[in-house]
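The structure appears below as structure tokens.
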Amino acid sequence: MAPSATTTTEAYTLSYDKIKCVDAALGAAIDYGAGKSKQLIGAALKGRVEAIDHDLCAVGDEDAFFVADLGDVYRQHMRWKKNLARVKPHYAVKCNPDPQVLRLLAELGIGFDCASKTEIEQILNMGVDPARIIYAQPCKTKSYVRYAAQHGVKQMTFDNADELYKTKQLFPDAELYLRILTDDSASLCRLSQKFGAHLDGTADLLALAKNLDLNVVGVAFHAGSGASDPKAFIKAVQDARFVFDQAEALGFKMHTLDVGGGFNSDHTFETMAAVLSEALDVYFPPEVRIIGEPGRYYVATAFTIACHVIARRTVADATLGTTSYMLYLNDGVYGNFSNIIFDHQHPIPRVLKAGDGMWYDVRRSGYETPSQTEYSIWGPTCDGIDVISSSCMFPDVLDVGDWLYFEDMGAYTKCSATRFNGFTDSHDVVYVCSEPGAGALLGML
């Protein structure tokens, strides 16, 4: 078993009880305030849209925009602390580097998973201790490694021999985690095709690290982004124990296991957390530090996007005697709907504004009224693949100037938007906060 090893990183997570105390001091009970969240988001959406005069507004005033409920992010952290108390989260910055989200998470005391110099710099510029950052990129740019070394970001992952030679040259004092291959076949986005050392090669990598006098302190794995099979975590933990034992036999002082990301924010989280927690308790004693790299778990449900109908095309079928419509929005798959292509998501369109009315929170989506008018929904670019929905239904005829909104748009959306065709990749975010605890931490009360 691994020896006890207390590091400075142990101090950077607020406990579940401490977070509850923040709310208790404000006289608030944690009740997973989805109802309040809906009210705040609805008011923000309506207020923004009603203020726009499409006939007179300036360029950019009617662009798509987000409403983000930071209270939702806060509730997700409370949920994590309740169900995975042993695993210290390091938010995957790549998922959504929104500055207010990062600020809240920093105030909550969690760590950060960074994959580039820019991400590391963004977190350091917030005043976060470099000990709270893991440079979780197995294949790193040399200049980025030098930057990490210069700024004291010691925790780094590797999965191949060349990376060890690079580390010896540029950052011999780094604290290294050997990333191992896992079965991520049940995940939305597979990562094992790109990263992870096979178990039959881990002994050689550890021996090389020993010969180079490098400091291997842990093992890392990743079950894939949007993992859905709890058994993948069990096998990965078992494999990590095997590699821990290999390393300790060579004399390494192993003290940390990084269980990666892959955690969803839906109802499956509790089951996944229970399975992982049990496996950790079986294979790793309490003195071994456990960290994780959740991304979408924290932000997926916190962001709602509103988009303007900029054009409409009527499609009449004389044979069937039907009329359908093509709606063109001011955002698409080259923008914030990049999650359709890169993250295998299926955003659900809902009507925010139709004519002179506001329909927000009428729980009727474009897929729930098949007897109504049919639409296809397209992005603004000239590319034919820029389609958000090939077929959906709404109860009335929508027109130019109406607005749609899409929930659960916080993960892998704004971070991968492009400027293709000259459209903007920067969209406003209106922040609301449905949790007094989060508001107190951010000074939003």
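The values are calculated or read from the model by the stated rules, or taken from the named source; none is laboratory data. Not measured: the values here are computed from a predicted model. Here Cβ is always computed from backbone atoms with ideal geometry, including for glycine, and neighbour counts include all displayed protein chains.
A few comments on the model shown:
- R289, sole failed condition from (1) surrounded by fewer than 24 Cβ atoms within 10 Å (Cβ to Cβ); (2) within 21 Å of the chain's Cα centre (by Cα); (3) of a type in the set (K, R): (2)
- Flag for M358 being of a type outside the set (V, I, T), farther than 30 Å from C95 by Cβ and touching a helix residue (DSSP H, G or I) at 6+ places or on another chain (Cβ under 7 Å): yes
- Search result, residues across region 232-255 that are in contact with a helix residue (DSSP H, G or I) (Cβ under 8 Å, 6 or more places away or on another chain) and not aromatic (F, W, Y): I234, V237, Q238, D239, A240, R241, V243, Q246, A247, L250, G251, M254
- Residues in region 226-275 that are of a type in the set (A, V, I, L, M, F, W, C), at pLDDT below 95 and closer than 30 Å to F303 by Cα: A227, A232, F233, F263, F269, M272, A273, A274, V275.
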